[in-house]
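Trainee: Can you read through this structure? Questions will come right after.
The values are calculated or read from the model by the stated rules, or taken from the named source; none is laboratory data. Being a predicted model, the structure only gives us computed values, none of them experimental. Every residue, glycine as well, gets a Cβ built from its backbone with ideal geometry; the counts of neighbours run over all protein chains shown.
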Amino acid sequence: MTQNAKSARRTDDTDGAPRTTGMTLVVTGASGRTGSRVARAAEAAGLTVRPASRATGFDWEDPSTWADTLRGADAAYLVHPSDVGAPGSAEAVGGLARAALGLGVRRLVLLSTRGEDQALPTEEALRASGADWTVVRAAWFAQNLSEGPLAEEVRRGELVFPAGEVREPFVDVRDIAEVVVAALTGGERYVGRTVAVTGPRLLTWREAVAEIAAAAGRPLAYRAVPARDYGEALTGFGVPREEASFLVELFETLLDGRNAHLEDGVRQVLGREPRDFADVVREAAAAGTWAA
Ligand SMILES: NC(=O)c1ccc[n+]([C@@H]2O[C@H](COP(=O)([O-])OP(=O)(O)OC[C@H]3O[C@@H](n4cnc5c(N)ncnc54)[C@H](OP(=O)(O)O)[C@@H]3O)[C@@H](O)[C@H]2O)c1
């Protein structure tokens with residue numbers, strides 16, 4: 001399908017569930033964990049995907065790159081790096097939303113984080129833009145432990161993290177992607193709504209690493225550290241002090257027990273239970289993710 005498919009846009013509600021086909025969707029963070037899955041799920045649903053990241057010339061930090069990415073699209077999935085609550089995120093998301101509206105791109109879905117006070121101004125900036133918005137508030141990704149820097153730490157044998165013994169319902173990013181696409185193709189149903197998505201089971205980080213160790217067939221450890229010590233360690237590894245301070249504050253917020261409960265967003269939107277952490281672990285172990 002080409003990007004001109006917008007002209008073929010139609011609404012089909014023959015089975016009672018409005019579905020927009022021929023929609024062109026800008027996917028920011030398209031090379032990242034959620035964006036890559038949103039792109040795949042959107043294509044599977046018949047949408048035309050326009051990937052957006054620095055690799056395609058779109059830069060959140062350079063508003064002059066936004067219009068070329070947005071022009072002619074119908075909708076956008078917004079992922080703000082590196083965190084939805086990072087300094088400058090509210091201004092960037094609000095600015096991009098207003099630019100999108102100015103170009104006729106009204107339907108915007110923002111990825112946010114469940115329980116993150118720092119993300120609330122970003123969510124509010126999207127709402128205030130006047131867009132047809134949906135906010136998807138996600139739990140910690142299960143794939144944090146199978147893709148990216150934490151996965152590499154686990155693979156080396158010990159995950160050092162400031163999560164204490166708090167419990168978290170790790171969510172599979174494929175479920176996030178399917179919720180995003182269902183929201184985008186669900187007509188008006190999810191416009192103006194905030195959907196919280198989690199996995200189906202609460203696990204401590206220690207239990208999560210133990211499940212990985214069992215699947216990988218090797219001893220792997222979890223060591224809890226205070227958030228401030230973690231921040232010092234990050235600075236020692238070259239993370240700028242301002243960014244490390246933000247992460248300390250973020251982890252102290254997110255890992256204080258406020259998120260130790262399940263939400264039913266996946267079931268509400270997709271009509272099925274969320275995928276379990278064990279599914280991600282089984283597949284990643286089979287792919288050799290944590291092999292020595
Ligand atoms: N990790 C979690 O457990 C969790 C939970 C809930 C919500 N979140 C939220 O998820 C978001 C991160 O999503 P993710 O994990 O899917 O992404 P990710 O895997 O960290 O990938 C980041 C993506 O953003 C792009 N990017 C980085 N800097 C950019 C810039 N200046 N301009 C344009 N694109 C840029 C990257 O591509 P290029 O390098 O090509 O630019 C890449 O596609 C954050 O907002 C975070 O708050 C995370």
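Trainee: Out of region 141-155, which residues are within 14 Å of the ligand (Cβ to nearest atom) and either within 15 Å of the chain's Cα centre (by Cα) or not acidic (Asp, Glu) (or both)?
Mentor: Phe141, Ala142, Gln143, Asn144, Leu145, Ser146, Glu147, Gly148, Pro149, Leu150, Ala151 - these are the residues of region 141-155 that are within 14 Å of the ligand (Cβ to nearest atom) and either within 15 Å of the chain's Cα centre (by Cα) or not acidic (Asp, Glu) (or both).
Trainee: Also, quick follow-up: Need pairs with beta-carbon distance below 6 Å; first residue closer than 18 Å to Val105 by Cα and in contact (Cβ under 8 Å) with a residue 12 or more places away in the chain and within region 37-57, second more than 13 Å from the ligand (Cβ to nearest atom) and acidic (Asp, Glu); sequence gap 6+ or separate chains.
Mentor: Qualifying pairs under 6 Å: Val49/Glu43.
Trainee: Could you please give the count of residues in region 61-91 that are small (Gly, Ala, Ser) and within 9 Å of the ligand (Cβ to nearest atom)?
Mentor: Qualifying residue count, region 61-91: 4.
Trainee: If you don't mind, there's one more thing I want to ask. With respect to the numbered conditions (1) in a loop (DSSP other than H, G, I, E, B); (2) in contact with a Lys or Arg (Cβ under 9 Å, 6 or more places away or on another chain), which one is the sole condition not fulfilled by Ala100?
Mentor: (1)
Trainee: Search region 129-144 for residues that are within 13 Å of Arg33 (Cα to Cα) and pair each with any residue that is of a type in the set (Asp, Glu) when their beta-carbon atoms are under 8 Å apart and the residues are at least 6 apart or on different chains.
Mentor: Qualifying pairs under 8 Å: Trp140/Glu168; Phe141/Asp172; Ala142/Asp172; Gln143/Asp172.
Trainee: Among the helices (runs of 4 or more DSSP H) confined wholly to region 178-271, which include 1 or more residues that are at pLDDT below 95 and under 23 Å from Val136 (Cα atoms)? Give the derivation first.
Mentor: Numbers: elements: 205-216, 227-236, 241-254, 265-270.
So the answer is 241-254.
Trainee: Same structure again: Would you check if there is a residue in region 156-163 being out of contact with any helix residue (DSSP H, G or I) (no Cβ under 8 Å at 6 or more places or on another chain), more than 12 Å from the ligand (Cβ to nearest atom), over 19 Å from Gly231 (Cα atoms) and not in a helix (DSSP H, G or I)?
Mentor: So the first thing to find is which residues in region 156-163 are out of contact with any helix residue (DSSP H, G or I) (no Cβ under 8 Å at 6 or more places or on another chain), and the list is 156-158.
Among the residues that remain, those that are also more than 12 Å from the ligand (Cβ to nearest atom) are: 156-158.
Subsequent filtering for residues that are over 19 Å from Gly231 (Cα atoms) retains 156-157.
Subsequent filtering for residues that are not in a helix (DSSP H, G or I) retains 157.
Scanning region 156-163, I find at least one residue that is out of contact with any helix residue (DSSP H, G or I) (no Cβ under 8 Å at 6 or more places or on another chain), more than 12 Å from the ligand (Cβ to nearest atom), over 19 Å from Gly231 (Cα atoms) and not in a helix (DSSP H, G or I), so the answer is yes.
Trainee: Kindly indicate the residue of region 55-81 that is touching a Leu at 6+ places or on another chain (Cβ under 6 Å) and part of a strand (DSSP E or B) and also surrounded by the fewest Cβ atoms within 10 Å (Cβ to Cβ) among those meeting that condition.
Mentor: Ala75
Trainee: Got at least one residue in region 160-176 being under 27 Å from Thr24 (Cβ atoms), among the β-branched types (Val, Ile, Thr), modelled with pLDDT of 95 or more and surrounded by fewer than 17 Cβ atoms within 10 Å (Cβ to Cβ)?
Mentor: no
Trainee: Specify the residue that is farthest from the ligand (Cβ to nearest atom); the eligible residues are those in region 48-60 that are in contact with a Ser or Thr (Cβ under 7 Å, 6 or more places away or on another chain) and under 17 Å from Thr185 (Cβ atoms).
Mentor: Looking at residues that are in contact with a Ser or Thr (Cβ under 7 Å, 6 or more places away or on another chain) and under 17 Å from Thr185 (Cβ atoms), I get Thr48.
Trainee: Ala90 fails exactly one of the following numbered conditions: (1) buried (at least 21 other Cβ atoms within 10 Å of the Cβ); (2) within 21 Å of Ser245 (Cβ to Cβ); (3) out of contact with any Pro (no Cβ under 6 Å at 6 or more places or on another chain). What is the number of that condition?
Mentor: Condition (3) is where Ala90 drops out.
Trainee: Taking the condition of being more than 16 Å from the ligand (Cβ to nearest atom) and among the β-branched types (Val, Ile, Thr), how many residues in region 93-111 meet it? Lay out the reasoning, then the answer.
Mentor: Filtering region 93-111 down to residues more than 16 Å from the ligand (Cβ to nearest atom) leaves 98, 101-107.
Within this subset, residues satisfying the condition of being among the β-branched types (Val, Ile, Thr) are 105.
Adding up the residues that qualify gives 1.
Trainee: Separate question: For region 23-47, give me the residue count where each residue is out of contact with any Gly (no Cβ under 9 Å at 6 or more places or on another chain) and more than 7 Å from the ligand (Cβ to nearest atom).
Mentor: Matching residues across region 23-47 total 10.
Trainee: A further question on this structure: Considering only residues that are near the ligand (Cβ under 9 Å from one of its atoms) and among the β-branched types (Val, Ile, Thr), look in region 112-140 and name the one that is surrounded by the fewest Cβ atoms within 10 Å (Cβ to Cβ).
Mentor: So the residue we want is Thr113.
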